[in-house]
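> I'd like to ask some things about the structure below.
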Amino acid sequence: MTVILDFEPDTATAAWVRRTRSIRTVTVERRRWLELLAPAASAIDARQLPELNELERAIREWYQGTRREFQWTRWDRTSDSGGKVGSAAAEARKETDAAIVVAGLCEAIAEGALHAGRVINARTMTSRTGLSAGTLVDALRHLVEDGLVDQDRAGNFYVPTPAERDVLESYTARGLLGTALVRRLAARGGGVPDTVDALYQRIGRSAVEDEPLVTGSLDLDLQDELARAADMPRIEAMFTRLTLQIRLFAAALGVTYQHPVDGIITDDGRVLEAIGSSDQDAAIAAWREKIDNCIRYMVPHLGQRRR
């Protein structure tokens, strides 16, 4: 197994890896993450994606639980039709490719290589994302279906310029979905999931290091992790799709994804404190306040778009 890192492992970890011959690590620069993601994803047999998603969920549940001996059994292929497996695999692949393309679009906009309302250069995007031309077009069409990217009659794709209605609609939907997620987490008990807490700690460190773009991105990562931890797959899928849209909105506007850093830390802290206390009403109130703050911060920036 090869583990790709964007940091040098500490001494204890490096020593453990050296002793474990079945695992090796490769450290790469953070700016190379995106171009490596597509080839790595492409190397996976698409038929295994639903099973790998199930394994990921099982590992997360184990990590958040008692951490006793972990056991997992591969699917019994005789009990599943090839059509069902293939359909699930195709859907998982589409979502993965779409996320890669959105990350590439955000990166291009941040660098000034792409602007909202301008045609997306397919050749440039294939180079940036590592996807083939055909896969890129399929992913862009998928994003068109989800309303994240527009396509004109000539077949050109472009990132739409967000309007106030778009922001309000997306955050209204996100607020409703998030309400169900935080209520579920608070009602279930067990405190804040470790994976969520780890992201909150990273948000704090990025704030200290004065990296607002990183802080904003981590905030969205934390929200997606809450969605995964709630174990509500249908709501999770809708919620994470809205995350991609908000990332594009923020990139197009040139803002740091959400409200200022201190607001991110305060709002996230209130949501997590309520979840940790198993207080459903407080969790819902904190989540709604966070969404309201996001809207109040983003809407005034609509008239200050990146030129």
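The values are calculated or read from the model by the stated rules, or taken from the named source; none is laboratory data. If you're wondering where the values come from, they're calculated on a predicted model, not measured in any experiment. Please note: Cβ atoms are built from the backbone with ideal geometry, for glycine as well, and neighbour counts cover all protein chains shown. Surface areas here come from the heavy atoms of the whole protein model, side chains and all, with no ligands, DNA or RNA. Shrake-Rupley method; radii C 1.70, N 1.55, O 1.52, S 1.80 Å.
> Is there any pair with a first residue in the stretch 268-285 that is open to solvent by 70 Å² or more (accessible area, probe 1.4 Å) and a second that is outside any helix (DSSP H, G or I) whose Cβ atoms are under 9 Å apart and which are 6 or more apart or on different chains, and what are they?
Short answer, once both residue conditions are applied: GLU273/VAL192; GLU273/ASP279; SER277/GLY191.
> Test VAL261 against the stated conditions and say whether it is among the aliphatic types (A, V, I, L, M), out of contact with any His (no Cβ under 6 Å at 6 or more places or on another chain), modelled with pLDDT of 90 or more and farther than 16 Å from TYR171 by Cα.
no
> Right, next: Looking at THR195 and the list (1) at pLDDT below 90; (2) open to solvent by 40 Å² or more (accessible area, probe 1.4 Å), which single condition is not satisfied?
With (1) at pLDDT below 90; (2) open to solvent by 40 Å² or more (accessible area, probe 1.4 Å) applied to THR195, the lone miss is (2).
> Between residues in the stretch 104-119 that are free of Cβ contacts under 8 Å to residues at least 40 places away in the same chain and of a type outside the set (Asp, Glu) and residues that are in a helix (DSSP H, G or I) and surrounded by 14 or more Cβ atoms within 10 Å (Cβ to Cβ), which pairs lie under 9 Å by C-beta distance while being six or more apart or on different chains?
These pairs meet every condition: ALA108/MET125; ALA108/ARG128; ALA108/ALA251; ALA113/GLU107; ALA113/ARG128.
> State all residues of the stretch 122-156 that are in a helix (DSSP H, G or I), among the β-branched types (Val, Ile, Thr) and within 18 Å of the chain's Cα centre (by Cα); if no residue qualifies, say none.
Passing the criteria: only THR129.
> Here is a follow-up. Tell me whether the stretch 65-78 contains one or more residues that are part of a helix (DSSP H, G or I), modelled with pLDDT of 65 or more and either under 22 Å from the mean Cα position of the chain (by Cα) or hydroxyl-bearing (Ser, Thr, Tyr) (or both).
The answer is no, given that none of the residues of the stretch 65-78 is part of a helix (DSSP H, G or I), modelled with pLDDT of 65 or more and either under 22 Å from the mean Cα position of the chain (by Cα) or hydroxyl-bearing (Ser, Thr, Tyr) (or both).
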